[in-house]
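Structure first, then comments.
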Amino acid sequence: EEDTDLEEDINGVKRSPIITVMGHVDHGKTSLLDAIKQTDVTSTEAGGITQHIGAYTVKVNNETLTFLDTPGHEAFTAMRARGAKITDIVILVVAADDGIMPQTVEAINHCKAAEVPMIIAINKMDKVGANPDRVKQELTEHGLVAEDWGGDVICVPVSAHTREGLEQLLEMVVLSSEMMELKADPDRNAKGTVVEARLDKGRGPVATLLVQNGTLKVGDSIYVGTTYGRIRAMFNDKGEKIKEAGPSMPAEILGLSDVPSSGERFVVAKDEKTARARADKKAESIRQEKFQKSHKVSLEDLYSQIQEGKVKELDLIVKADVQG
Ligand code: GDP
């Protein structure tokens, strides 16, 4: 009941946009993400060294932008497969000397299907073979017409190496997000999506959560898939300890019972017992689904067969174990 879709919170207040960088391999996604990270002066101040937690925030003219720092399509695909709408805007990187390539087309199709607006960053403008007009020409073949060609698609020529165009790119992101009037309600219990997670030798399961609505706090009990726990500690993208994280903010958290998968949704429960019950329920429903698939019969039917003495319970348990 709590895990309803993350629809816009019309009673909410303004929240920052969440941005994903996509594009063909080697077109400069990682370089661009790194270059953008460096535009934030706070991240270069002492004690505020940006950590890799899978998402980071930058300030642009008093506006905060949240970037998912996981280039490539896997994260996006995993999140979409789970029905999580995590991105407000996609920056589609196209190398000016290479043009539209298969993974560019794939990204365009993902964005169209998910109805996520795209801003095109025509990258590697410093290169001799850079040809932004060719990129725009190729874009039209996919129904994307650049603004200066009479369409509505924002194209910004940039170079992740020389940093040319980065400011304009970020300004365009801010402008676009303002027009989207993104909202969330910081007074609610938090919910959102797992960006990435891993097992840390000393600290146990560590997960980066992106809060999409509400405010996540240390001490909150959450469940995510078959995992649950009480948040023991929280860190921001600068590695600093924080007590809470509001809408559109990423937070690295400690305290989960297990490592969740990226793209999974998390929800705050009223207490740890409830969180555990939710996680257990999820685990049970997964078990039932597996069982049903491998036996082509529902668990209910099996239980009644047991009661009627047709099947020995032990046989079933053995079978279930064998078939996972
Ligand atoms: P990704 O696979 O999309 O993440 O691409 P990378 O960021 O790893 O970049 C691929 C290659 O292109 C690397 O060798 C980068 O140094 C280079 N590259 C990225 N951006 C630029 C740029 O703006 N100008 C030039 N000349 N090279 C770039």
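The values are calculated or read from the model by the stated rules, or taken from the named source; none is laboratory data. Keep in mind that this is a model prediction, so the values were computed, not measured. When we count neighbours, we look across all protein chains shown, and the Cβ atoms used for this are built from the backbone with ideal geometry, even at glycine.
Descriptive notes on the structure:
- One residue stands out among those in the range 112-137 that are among the hydrophobic types (A, V, I, L, M, F, W, C), surrounded by 14 or more Cβ atoms within 10 Å (Cβ to Cβ) and in a helix (DSSP H, G or I): the one that is farthest from the ligand (Cβ to nearest atom), which is ALA114.
- Number of the exception - ARG203 against (1) within 19 Å of THR57 (Cα to Cα); (2) out of contact with any helix residue (DSSP H, G or I) (no Cβ under 7 Å at 6 or more places or on another chain): (1)
- Looking across the range 152-177 at every residue that is in contact (Cβ under 8 Å) with a residue 60 or more places away in the chain and in contact with a Lys or Arg (Cβ under 9 Å, 6 or more places away or on another chain), the one that is farthest from the ligand (Cβ to nearest atom) is identified as VAL158.
- Residues that are touching a strand residue (DSSP E or B) at 6+ places or on another chain (Cβ under 8 Å), part of a helix (DSSP H, G or I) and more than 6 Å from the ligand (Cβ to nearest atom) within the range 22-37 comprise LEU32, LEU33, ILE36, LYS37, listed in sequence order.
- Test result for LYS238, out of contact with any Phe, Trp or Tyr (no Cβ under 6 Å at 6 or more places or on another chain) and either of a type in the set (Asp, Glu) or surrounded by fewer than 18 Cβ atoms within 10 Å (Cβ to Cβ) (or both): no
- Residues in the range 179-195 that are in a helix (DSSP H, G or I) and in contact (Cβ under 8 Å) with a residue 24 or more places away in the chain: MET180 only.
- Within the range 196-215, restricting attention to residues that are surrounded by fewer than 22 Cβ atoms within 10 Å (Cβ to Cβ) and in contact (Cβ under 8 Å) with a residue 12 or more places away in the chain, the residue that is nearest to THR66 (Cα to Cα) is THR215.
- Of the numbered criteria (1) outside any helix (DSSP H, G or I); (2) modelled with pLDDT of 85 or more, the one VAL105 fails is (1).
- The range 59-78 residues that are modelled with pLDDT of 65 or more and buried (at least 17 other Cβ atoms within 10 Å of the Cβ), paired with ones that are among the basic types (Lys, Arg) and not in a helix (DSSP H, G or I) (beta carbon under 9 Å, 6 or more apart): LEU65/LYS59
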